[in-house]
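> Have a look at this one before I ask anything.
The values are calculated or read from the model by the stated rules, or taken from the named source; none is laboratory data. All figures in this text were calculated on a predicted structure; none of them were measured in a lab. Here Cβ is always computed from backbone atoms with ideal geometry, including for glycine, and neighbour counts include all displayed protein chains. What goes into the accessible areas is simple: the full protein's heavy atoms, side chains included, and nothing from ligands, DNA or RNA. Shrake-Rupley method; radii C 1.70, N 1.55, O 1.52, S 1.80 Å.
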Amino acid sequence: MVSGKTLPNAFAGGLNSCQFSMVRLNDDTRDDLVVFDRTTSKISTFLAQTDGSFRYDPTYETAFPATYNWLLMVDYDADGKRDVFTAGVAGMRVYRNTSTTGKVSFQLVANPLQVEGFSGRQPLYAGPVDLPAITDLDNDGDLDIIAAEVFGRNPIYYQNLSRDKNPGVSTPGLDFKRNGDCWGNFFINDCQDFTFGVNCQTGGRIATPTSTAGQARPVHSGITLTITDTDGDNRKDILIGHVGCLNATRLRNVATNDEKANFVAADNDFPATNPINFPSFPALFVEDIDGDGKRDLLASTNNGTNDGGLTDFRASNWFYRNAGTTEKPDYQLVQKNFLQDGMIDLGESAAPTLADMDGDGDADMLVGYAGMLTDKGTRASLWYFENKGTVNDPAFDLITTDYLGLAQSVMLTYTQPQLVDMDGDKSPDLVLMGRVGRGVQLRVFYNQAARGSMARFNAGDAKTITLPGDFGAGELPTFVDVDRDGIMDVLVGKQIGSVEYLRNTGTNGNPVFTLQNSAFGGFKPNNLTRARSLAVADLNGDQRPELIVASSDGKLLLYRFPDQPDQPSVLLDSLKSLSYPGTGLLISAADLDGDQLPDLVVGSMAGGLQFLKNTSEKVVITATEPDESSTPWAYPNPTDRFVTVRPPHDGQAELVNLSGQVVRTGVWVRAHNETTLDLSSLDDVTYLIRLLSSDKPARVQKVVLWK
């Protein structure tokens, strides 16, 4: 809940640079919404509701092909189902929509899409930063394509000849011919600078144009094109966005809807009322969003990154409702945060952490993010969500967007919090990493409250943590007791893709970190995965922790946590059954539904959060289960009073201090049976539980007592 409003799509993951397509996903009577985010290369699927809203449903996302740069959905074969057009290595790919009742599916039919050019068949050019227009331009029943030429000077018309060659065919295809080197009789010089009156009707090749300033135009780096009739004259106009421009421009067509189209004037502020104005590179989409039969207008930035931090990615989807008709639209601005207002969206690089901060037994949440531009520069803080639900049914309520007043006192960006017990007092402390200028700051705020009480942090008492080596921007530290000695160590996901193990050779109150292993778990440098976000949790209740790895390129992998710090991690699951979560992943684990199995909350570059429920089958430990020598047989560790001993064989269990003195005489324990030891009379130190048997070697396990 945010500002008293329940968010219908709270964990939809955030949206930044979006491209919109309406398509039927389920079996009802209304088209649904597919959103491709250029920032994260993620496809998000939203089902249309009877009240006109959209409900996020990720179950359809795995049916879509892997996509990058751009995605548009249009029906090329006239079967009533929209197909996928998207970027390819050599141009563009096309996937036919082969969905049947209740099941969405796609089949690759062109990679790359070919066109008849000046020198035979060749890939149809579509720049990786451009967005082409795919529409039936000449109204003959097949889809044509208008795309910017390689220098971005002007659009090229690729005419579909399916109907021309086969007038009676019921299923048009993908038979394209290039029509000349320009189309529409104009050149693009700059944001609001166009040259009209160019003769594109002679065909063949043309000379390189010059701008109105007489200078040769430089190679472009991004053009978006949208074709639609904007003024009701039955002539299709063109809407243009340019990579370096704030505005969207409408060019009016005064001729025909084919190769003889003629554009003669530019309206550089479109729509006329509340015109589109982005920090750079707008892209426009015409779709019937509200289901009233009239196509509305959506605009978003086509930038994959936030150059200069100028774009507010919490409000980068502008929705204009069509108050006119489809033939003569009248676009009226409704909101600038379409879909984003219904989800947790912090803009960029959401970084969640979960722990019980108010002492009521359920997990609350802090979320860091990249930052927002203010009058004091770009600042980031922490959003604090209190869980006002129950252990079994969480309900997060946003309490503040500036926890501890960080945005007012410190110039931090890219904040990444972790709630972890750093001093061993069984209450969560706050470890906060953030960028300060070009550097990185890592600090710990020790919880001043008693165990089980509302967390209390004093910002002025934060202690700086120093990590060895070249720790800097892009590194992802995870605090976890790797060697199980009761003291927090650090695993660092390096920007180059490896994982470092830094052992805490100090104490809980005075940590000192020393490099022990530069390739922990066998993770070596990898330019594709880059920095890995890590979480350690027992996902199936077998009393052995797993290592959850989320990489920058969007992969979620599950490993067995190494029994020894120098052993490689064993891959358990690639989690491919989950929908693609996007890029720049940051993860946290906690039990959010009371089934005693930790779930995952995942943040990404899109600035939102995704909730991944743990559906693992919980392991029930039985007395007949075979022993594994590496499995801990005394737990919990650390403990505040009781230790449960479940030995692999019969014997005497005695307690020894680190000086070798027996402080508790041996008690008889049975193999695979639980015996509870009460340590309440002992001092808070580290002990050894020693298992002795006449016919087996002694076994020793360390246990830390912290009351």
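> Can you tell me which residues in the range 373-387 are touching a residue at least 40 places away in the same chain (Cβ under 8 Å) and open to solvent by 30 Å² or more (accessible area, probe 1.4 Å)?
Across the range 373-387, the qualifying residues are L373, T378.
> Could you identify the single residue in I134, I145, I156, I188 that is within 36 Å of the chain's Cα centre (by Cα), open to solvent by 10 Å² or more (accessible area, probe 1.4 Å) and of a type in the set (V, I, T)? Working first, answer last.
Working: I145 fails: open to solvent by 10 Å² or more (accessible area, probe 1.4 Å); I156 fails: open to solvent by 10 Å² or more (accessible area, probe 1.4 Å); I188 fails: open to solvent by 10 Å² or more (accessible area, probe 1.4 Å).
I134 is the lone residue from the list that is within 36 Å of the chain's Cα centre (by Cα), open to solvent by 10 Å² or more (accessible area, probe 1.4 Å) and of a type in the set (V, I, T).
> Follow-up. Of the residues F64, F54, F106, which is in contact (Cβ under 8 Å) with a residue 24 or more places away in the chain, more than 21 Å from N303 (Cβ to Cβ) and in contact with a Lys or Arg (Cβ under 7 Å, 6 or more places away or on another chain)?
On the way: F64 fails: in contact with a Lys or Arg (Cβ under 7 Å, 6 or more places away or on another chain); F54 fails: in contact with a Lys or Arg (Cβ under 7 Å, 6 or more places away or on another chain).
Of the residues listed, the single one that is in contact (Cβ under 8 Å) with a residue 24 or more places away in the chain, more than 21 Å from N303 (Cβ to Cβ) and in contact with a Lys or Arg (Cβ under 7 Å, 6 or more places away or on another chain) is F106.
> Working only within the range 328-374, note down all residues that are among the aliphatic types (A, V, I, L, M), farther than 25 Å from V391 by Cα and more than 22 Å from the chain's Cα centre (by Cα).
L333, V334
> Would you be able to say whether some residue in the range 167-183 is touching a helix residue (DSSP H, G or I) at 6+ places or on another chain (Cβ under 7 Å), modelled with pLDDT under 90 and not aromatic (F, W, Y)?
At the first step, the residues of the range 167-183 found to be touching a helix residue (DSSP H, G or I) at 6+ places or on another chain (Cβ under 7 Å) are 169, 172-173, 175.
Checking the rest, the ones that are also modelled with pLDDT under 90 come to 169.
From what is left, the residues that are not aromatic (F, W, Y) are 169.
Yes, that holds for at least one residue.
> Turning to a different aspect of this structure: Just wondering, is there one or more residues in the range 6-15 that are touching a residue at least 40 places away in the same chain (Cβ under 8 Å), within 26 Å of K576 (Cα to Cα) and either over 20 Å from the mean Cα position of the chain (by Cα) or outside any loop (DSSP other than H, G, I, E, B) (or both)?
Within the range 6-15, one or more residues are touching a residue at least 40 places away in the same chain (Cβ under 8 Å), within 26 Å of K576 (Cα to Cα) and either over 20 Å from the mean Cα position of the chain (by Cα) or outside any loop (DSSP other than H, G, I, E, B) (or both).
> Right, next: May I ask you to verify whether V74 is open to solvent by 20 Å² or more (accessible area, probe 1.4 Å), at pLDDT below 95, farther than 28 Å from D397 by Cβ and aliphatic (A, V, I, L, M)?
no
> Would you kindly identify the strands (runs of 3 or more DSSP E) lying entirely within the range 559-669 that contain at least 3 residues that are modelled with pLDDT of 85 or more and under 41 Å from the mean Cα position of the chain (by Cα)?
Numbers: elements: 570-573, 586-590, 599-603, 609-612, 642-645, 651-657, 662-669.
Answer list for the range 559-669: 570-573, 586-590, 599-603, 609-612.
> Can you report the number of residues in the range 77-91 which are under 26 Å from the mean Cα position of the chain (by Cα), modelled with pLDDT under 95 and either surrounded by fewer than 19 Cβ atoms within 10 Å (Cβ to Cβ) or part of a loop (DSSP other than H, G, I, E, B) (or both)?
Result for the range 77-91: 1.
> I've got another one for you. State which residue is least open to solvent (accessible area, probe 1.4 Å) when the search covers only the range 513-523 and only residues that are farther than 13 Å from V480 by Cβ and not aliphatic (A, V, I, L, M).
The initial filter retains those residues of the range 513-523 that are farther than 13 Å from V480 by Cβ, namely 514-519, 522-523.
Narrowing further to those that are not aliphatic (A, V, I, L, M): 514, 516-518, 522-523.
On the way: T514: 54, Q516: 98, N517: 33, S518: 69, G522: 44, F523: 12 Å².
Ranking the candidates gives F523 first.
> Give me the residue from the range 482-497 that is within 28 Å of the chain's Cα centre (by Cα) and in a loop (DSSP other than H, G, I, E, B) and, out of that set, farthest from L528 (Cα to Cα). Reasoning before the result, please.
Within the range 482-497, the subset within 28 Å of the chain's Cα centre (by Cα) is 482, 489-497.
Then keep just the ones that are in a loop (DSSP other than H, G, I, E, B); that gives 482, 494-497.
Values: V482: 26, K494: 12, Q495: 10, I496: 9, G497: 8 Å.
Filtering first and then ranking leaves V482.
> Criterion first (out of contact with any strand residue (DSSP E or B) (no Cβ under 8 Å at 6 or more places or on another chain) and over 22 Å from T583 (Cβ atoms)) does M454 satisfy it? Don't jump to the end; show me each part of the working.
Values: out of contact with any strand residue (DSSP E or B) (no Cβ under 8 Å at 6 or more places or on another chain): yes; over 22 Å from T583 (Cβ atoms): yes.
Considered against the rule, which asks whether it is out of contact with any strand residue (DSSP E or B) (no Cβ under 8 Å at 6 or more places or on another chain) and over 22 Å from T583 (Cβ atoms), M454 comes out as yes.
> OK, next. Tell me, yes or no, whether the range 532-543 has at least one residue that is within 20 Å of W633 (Cα to Cα) and β-branched (V, I, T).
yes
> I've got another one for you. Among N510, N540, N526, which is open to solvent by 30 Å² or more (accessible area, probe 1.4 Å), free of Cβ contacts under 8 Å to residues at least 12 places away in the same chain and assigned to a loop (DSSP other than H, G, I, E, B)?
Numbers: N540 fails: free of Cβ contacts under 8 Å to residues at least 12 places away in the same chain; N526 fails: free of Cβ contacts under 8 Å to residues at least 12 places away in the same chain.
So the residue among N510, N540, N526 that is open to solvent by 30 Å² or more (accessible area, probe 1.4 Å), free of Cβ contacts under 8 Å to residues at least 12 places away in the same chain and assigned to a loop (DSSP other than H, G, I, E, B) is N510.
> When both residues are 6+ apart or on different chains and their Cβ atoms are under 7 Å apart, which pairs have a first residue that lies in the range 650-673 and is open to solvent by 80 Å² or more (accessible area, probe 1.4 Å), and a second that is of a type in the set (S, T, N, Q)?
L658/T686; W668/Q652
> Ok, one more. Being in contact with an Asp or Glu (Cβ under 8 Å, 6 or more places away or on another chain), surrounded by 15 or more Cβ atoms within 10 Å (Cβ to Cβ) and modelled with pLDDT under 85 is the filter here, so list the residues in the range 451-482 that pass it.
Result: no residue meets the conditions.
> Here's another thing I want to ask about it. Six or more apart or on different chains, Cβ under 7 Å: which pairs go from a residue in the range 548-559 that's touching a residue at least 12 places away in the same chain (Cβ under 8 Å) to one that's in a loop (DSSP other than H, G, I, E, B) and surrounded by fewer than 19 Cβ atoms within 10 Å (Cβ to Cβ)? Could you list them?
So the pair list comes out as D553/L528; L556/L575; L556/L578; L557/S574; L557/L575; L558/L575.
> Filter the range 46-71 down to residues that are open to solvent by less than 20 Å² (accessible area, probe 1.4 Å) and either of a type in the set (S, T, Y) or part of a strand (DSSP E or B) (or both) and give me whichever is nearest to D140 (Cα to Cα).
Of everything passing the filter in the range 46-71, L71 is nearest to D140 (Cα to Cα).
> Is it the case, given these coordinates, that Q332 is open to solvent by 30 Å² or more (accessible area, probe 1.4 Å) and closer than 24 Å to Q610 by Cβ?
Answer is no for this residue.
> Mind checking which strands (runs of 3 or more DSSP E) fall wholly inside the range 318-376 and carry at least 2 residues that are in contact with a helix residue (DSSP H, G or I) (Cβ under 9 Å, 6 or more places away or on another chain) and at negative phi? Don't jump to the end; show me each part of the working.
Details: elements: 331-335, 351-355, 364-368, 372-374.
Counting at least 2 such residues, we get 372-374.
> Going by what's in this entry, would V94 be described as touching a residue at least 24 places away in the same chain (Cβ under 8 Å), more than 22 Å from L298 (Cα to Cα), in contact with a strand residue (DSSP E or B) (Cβ under 8 Å, 6 or more places away or on another chain) and open to solvent by 20 Å² or more (accessible area, probe 1.4 Å)? Step through it out loud before you land on a result.
Working: touching a residue at least 24 places away in the same chain (Cβ under 8 Å): yes; more than 22 Å from L298 (Cα to Cα): yes; in contact with a strand residue (DSSP E or B) (Cβ under 8 Å, 6 or more places away or on another chain): yes; open to solvent by 20 Å² or more (accessible area, probe 1.4 Å): no.
When the stated conditions are applied, V94 does not pass them.
> Could you check the range 245-281 and list, in sequence order, the residues that are among the β-branched types (V, I, T) and either open to solvent by less than 10 Å² (accessible area, probe 1.4 Å) or assigned to a loop (DSSP other than H, G, I, E, B) (or both)? Talk me through it step by step, then tell me what you get.
Quick first cut of the range 245-281, residues among the β-branched types (V, I, T) only: 249, 254, 256, 264, 273, 276.
Correct list: T249, V254, T256, T273, I276.
> Being of a type outside the set (F, W, Y), more than 18 Å from G222 (Cα to Cα) and surrounded by fewer than 17 Cβ atoms within 10 Å (Cβ to Cβ): is that true of N166 here? Give the derivation first.
Working: of a type outside the set (F, W, Y): yes; more than 18 Å from G222 (Cα to Cα): yes; surrounded by fewer than 17 Cβ atoms within 10 Å (Cβ to Cβ): yes.
So N166 fits the description; yes.
> May I pose another question? Could you grab me the full set of residues in the range 676-707 that are open to solvent by less than 40 Å² (accessible area, probe 1.4 Å) and touching a Pro at 6+ places or on another chain (Cβ under 8 Å)? Walk me through how you get there before you give the answer.
Taking the range 676-707 and keeping what is open to solvent by less than 40 Å² (accessible area, probe 1.4 Å), we get 677, 679, 682, 686-687, 689, 691, 693, 701, 703-705.
Selection gives L691, Q701, V703, V704, L705.
> Tell me which residues, restricted to the range 304-315, are open to solvent by less than 20 Å² (accessible area, probe 1.4 Å) and of a type in the set (S, T, N, Q).
Step one: filter the range 304-315 for residues open to solvent by less than 20 Å² (accessible area, probe 1.4 Å), giving 311, 313.
Correct list: T311 only.
> Hey, does the range 21-31 have a residue that's within 30 Å of M372 (Cα to Cα) and either surrounded by fewer than 20 Cβ atoms within 10 Å (Cβ to Cβ) or within 21 Å of the chain's Cα centre (by Cα) (or both)?
Step one: list which residues in the range 21-31 are within 30 Å of M372 (Cα to Cα), which gives 21.
Still in the running and either surrounded by fewer than 20 Cβ atoms within 10 Å (Cβ to Cβ) or within 21 Å of the chain's Cα centre (by Cα) (or both): 21.
Yes, that holds for at least one residue.
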